[in-house]
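Asks: Let me begin by handing over the structure; questions about it come next.
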Amino acid sequence: MRPSIHLLICGALLAALAGCVSTPALTYQPSIDNTERLLSDRDKLDVGRFDAAAGVENRRLGMRGSSLNGGSDGTFATYLKDALATELREAGRFQPMAATVVSGRLVENRMSAAGASQGKATLAADFVVTRGGEQVYTRTIRIENTWESSFIGAIAIPAAITGYSASVQKLLGELFADPEFRRATHAGAIAN
């Protein structure tokens, strides 16, 4: 009986450790809707500094005993910055050193993959547009996004990874749809 107890304990420990996996966020893919919104103007934009507000989870989001990590430097602020640059590149609007710069601060970053049938993310960011060093736009954009999930972790975790990326798409979509953002990023709309 003693060997079977040992095997049972070892098996339980291995199962617990296997659940503690750290996964990087998906490589961001631009959305067709976002590209269409950005194509309504041709002015070039640069992407400035992005960071996270104090107390905002910027490195790890829990997913059923596993965790999701942020962008190229491990932070979700960088993931958002890189996602914005990807969207601008896809629409032909990204240009390093452009006079108009979009920067931001992640002020809310939560995800839940605990639900038996639904996952949820809540994201918010303060976006700032500057032109020639002068601030021409500032707004907090907040979204909630849900996706189909499962009681089974092997289904829920990949769904959460995909759901987080879709949530960033949705957040950027709200920014691009904002008429004030569109005016602020159009050079001809700002009188000198």
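We did not get these values from a lab; they are worked out from the coordinates using the rules stated. Being a predicted model, the structure only gives us computed values, none of them experimental. With ideal geometry, Cβ positions are generated from the backbone for all residues, glycine too; neighbour counts draw on all protein chains shown.
Asks: Just one of [x] 31; [y] 17; [z] 26 is percent of Cα pairs over 29 Å apart calculated from these coordinates, so which is it?
Replies: Computed from these coordinates, percent of Cα pairs over 29 Å apart corresponds to label [x].
Asks: Amide H neighbours of residue 51 under 5 Å, counting only residues 5+ apart in sequence or on other chains, H built in-plane at 1.01 Å?
Replies: Counting only residues 5 or more places away or on other chains, the set is 104, 105, 106.
Asks: Right, something else. Based on the mean of other beta carbon atoms within 10 Å per residue, what is the order of 73-83, 26-36, most packed first? Don't jump to the answer; show the numbers that get you there.
Replies: Details: 73-83: 21.6, 26-36: 15.2.
Answer by packing, highest mean first, reads 73-83, 26-36.
Asks: Count charges around residue 49 for me, please; just the other residues with Cβ under 14 Å from its Cβ, Lys/Arg as +1, Asp/Glu as -1.
Replies: Details: positive: 81, 105; negative: 46, 51, 73, 82, 126.
Local net charge: -3.
Asks: Cα axis of helix 76-90 to longest principal axis of the chain: angle in degrees, 0 to 90, nearest 10?
Replies: 50 degrees
Asks: In a Gaussian network model over the chain where Cα atoms closer than 10 Å are linked, find which of 133, 71, 48 has the largest mean-square fluctuation.
Replies: 133
Asks: If I stretch the segment between residue 42 and residue 67 completely, what's the gain in nm (0.36 nm per residue apart, minus their alpha carbon distance), one decimal? Intermediate values should be presented prior to the final figure.
Replies: Numbers: separation 25, 0.36 × 25 = 9.00 nm, distance 3.86 nm.
Gain in length upon complete extension: 5.1 nm.
Asks: Near residue 165, within a Cβ-to-Cβ distance under 13 Å, what is the net charge of the other residues, with Lys and Arg +1 and Asp and Glu -1?
Replies: Numbers: positive: 170; negative: 82, 87.
Combined, the nearby Lys, Arg, Asp and Glu give -1.
Asks: Separate question: Give me the extension gain from residue 110 to residue 155: residue separation times 0.36 nm, minus the current Cα-Cα distance, reported in nm with one decimal.
Replies: Details: separation 45, 0.36 × 45 = 16.20 nm, distance 1.96 nm.
Extra length from residue 110 to residue 155 when fully extended: 14.2 nm.
Asks: Run the dipole for the chain about the Cα centre, Lys and Arg Cβ at +1, Asp and Glu Cβ at -1, nothing else charged, and hand back the magnitude in debye, nearest 20.
Replies: On the way: 20 positive and 19 negative charges, 78 e Å.
Using only the charged Cβ atoms, the result is roughly 380 debye.
Asks: While we're looking at this one, here's another question. Put +1 on the Cβ of each Lys and Arg and -1 on the Cβ of each Asp and Glu in region 21-189; which of 153, 101, 27 then has its Cα farthest toward the positive end of the dipole?
Replies: In region 21-189, that residue is 153.
Asks: Okay, moving on. Residues in region 26-42 near a label at residue 186, defined as backbone nitrogen under 11 Å from the 7 Å Cα→Cβ point?
Replies: Flagged as within label range: 40-42.
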